[in-house]
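K.L.:
Pasting a structure here, questions to come.
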Amino acid sequence: MISPLAKTDRSIKGLCERFEAFVCKNEIVNAYTELNDPFDKRMRFEEQANQKAQGDDDTQLIDETFCQSLEYGLPPTGGWGMGLTGW
């Protein structure tokens, strides 16, 4: 739910394939396996659009261009961000 771009865990229902690394209570890395299933992503977009219609301003609308791009194919990929703040 909080990782809309992360792929669902293949063995444990309700989890996704992501991790965070911390040093001295500070997050330095946030990483995940990129969701590349166009049907799963469309369902997530539709769920977010329903939440937006109910007044949740933090959700996104359906990105048809992105969904169509996924239908052409996205190889297995990962995303990660690294940053050092407050040091």
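Taken together, the values in this text are just the output of simple stated rules run on the coordinates, not laboratory data. As the structure is a prediction and not an experimental result, all values here were calculated from the model. With ideal geometry, Cβ positions are generated from the backbone for all residues, glycine too; neighbour counts draw on all protein chains shown.
K.L.:
Across the chain, where is the longest run that never hits trypsin sites (Lys or Arg not before Pro) in a DSSP loop with at most 14 other C-beta atoms within 10 Å?
P.N.:
Looking at the chain, 26-87 is the longest stretch - no exposed trypsin sites (Lys or Arg not before Pro) with at most 14 other Cβ atoms within 10 Å.
K.L.:
Still on this model: Could you tell me how many degrees, from 0 to 90 and to the nearest 10, lie between the Cα long axis of helix 38-53 and the main elongation axis, the longest principal axis, of the Cα atoms of the chain?
P.N.:
Tilt of helix 38-53: around 90 degrees.
K.L.:
So which lysines pass the test for residue 52, namely a Cα distance under 18 Å, with those fewer than 8 places away in the same chain ruled out?
P.N.:
Counting by Cα, and skipping residues close in sequence, residue 52 has these lysines nearby: 41.
K.L.:
I've got another one for you. Can you compute the charge dipole magnitude of the chain about its Cα centre, using +1 on each Lys and Arg Cβ and -1 on each Asp and Glu Cβ, nothing else charged? Give it in debye, rounded to the nearest 20.
P.N.:
Using only the charged Cβ atoms, the result is roughly 300 debye.
K.L.:
Show me, bin by bin at 10 Å from 0, the whole-percent P(r) of the chain based on Cα pairs.
P.N.:
The distribution over the chain is 16, 38, 33, 13, 0, given as percents.
K.L.:
Quick one: putting +1 on the C-beta of Lys and Arg, -1 on the C-beta of Asp and Glu, what dipole do you get for segment 1-44 around its Cα centre, in Debye to the nearest 20? Present the calculation step by step, with values, prior to reporting the outcome.
P.N.:
Values: 8 positive and 7 negative charges, 31 e Å.
Value, rounded to 20: 140 debye.
K.L.:
Report the label-to-label distance for residue 3 and residue 53 in nanometres (one decimal), using points 7 Å from each Cα along the Cα→Cβ vector.
P.N.:
2.9 nm
K.L.:
Compute the distance in nm between two label points, each set 7 Å from the Cα along the Cα-to-Cβ direction, one at residue 64 and one at residue 34.
P.N.:
About 2.4 nm separates the two model spin labels.
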